[in-house]
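Step one of this worksheet: look at the structure below.
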Amino acid sequence: MGWMQKTVTALFCVLLGQMALAKAPANSLRPMARPIGITSYVPQPPQVPVFYNARIRPLPRPVFAAVQQPVNRVSEQPEAAVFVHNVPGVQRSLRPMARPKNMRRIMAHAQVSPTLAAADVSGPKRGSVCGDRAIRGQAIAPIRGRISACGIANPVKVTSVDGVALSTPATLDCSAAKALKQWVHSGAKPAVGRMGGGIKSLRVVAHYACRNRNNQSGGKISEHAKGRAIDIAAINLNNGTSLTVLTDWRTSRKGSVLKRMHKAACGPFGTVLGPDANKYHQDHFHFDTARYGNGTYCR
């Protein structure tokens, strides 16, 4: 039985040895040596996470306001300071407004007339006249005619109306300028439609002139002499073609368009004359703002 006990004891020792080797640590449990040259302990800063694009924002500073408190005669307490919340901030940026694009031109006007420059900046739109943004041009000095019946108290030199240019600037009063703009917008443009790409410009052959009607001596003073009339000989289209009163009035397609335009002028203008009126208007439309007792005169 002695040799069996020795054998069992030997096997038990081998099993314990294998178990001890299986649970041995991978690394030494000894502390790591300090780096060479460091004589004192240097603590490492803790790693704090940083969050970008965080939705949490700091609250605005409260408005510090003084609230009047009743004074106690015994304690003589001063005014109490409280925090006021939910006060609305600035509604609009405090940045300065951008300079106007035509600043150099405004400053040039300011050197001549500061009042005129200030009125020009605060007006409805740079280059507009008669208080209408669709009438472009400039106000000019009053016109005195060679005779008392001629002249314009508040003339304007119109270069375009409702986006349609005039072949030459027309000197008119504001009543004629507004009537011309209304006719272009409500009469001429709808009559032309898409023909030729639409209206590009109006060929103006007469505006202000101190003369008699039809340039006849001894006749009545023309409405042109008062700045209330304008003569148009053709309507130029965007494709380079034109509707000419002299050559197209009695044609089929273009003539019908011209007749619709002529009819549409009756209302905005007090007098409308065309090729069917007389021999003096075979090559142009005459529009003026004169009003008579019988209403609008259209021929």
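FYI, it's all coordinate maths here, none of it is from the lab. Source: prediction; values computed, not measured. So basically every Cβ, Gly included, is an ideal-geometry build from the backbone, and we count neighbours across all protein chains shown.
Here are a few things to note about the model shown:
- For Trp3, Trp183, Trp249, order by how many other beta-carbon atoms lie within 10 Å, fewest first: Trp3, Trp249, Trp183
- Among Phe269, Phe287, Phe12, the order by Cβ neighbours within 10 angstrom, fewest to most, reads Phe12, Phe287, Phe269.
- Stretchable slack from Ile147 to Gln5, in nm (0.36 nm times residue separation minus alpha-carbon distance): 35.7 nm
- Seen from Gly227, the other residues with C-beta closer than 14 Å to its C-beta sum to a net charge of +2, counting Lys and Arg as +1 and Asp and Glu as -1.
- Of His185, His207, the sequence from fewest to most neighbouring Cβ atoms within 10 angstrom is His185, His207.
- Model label zone, Ile221; criterion: amide N under 20 Å from point 7 Å along Cα-to-beta-carbon; scope the range 266-299: 270-271, 287-293
- Taking Cβ atoms as reference points and 15 Å as the exclusive limit, the residues near Pro268 contribute a net charge of +2, counting Lys and Arg as +1 and Asp and Glu as -1.
- For the range 159-298, the calculated P(r), taken from all Cα-Cα distances in 5 Å bins from zero up to the bin holding the longest distance, is 2, 11, 20, 26, 21, 12, 5, 2, 0 percent.
- In terms of packing, defined here as the mean over residues of other Cβ atoms within 10 angstrom, the peptides 254-261, 4-11 line up highest first as 254-261, 4-11.
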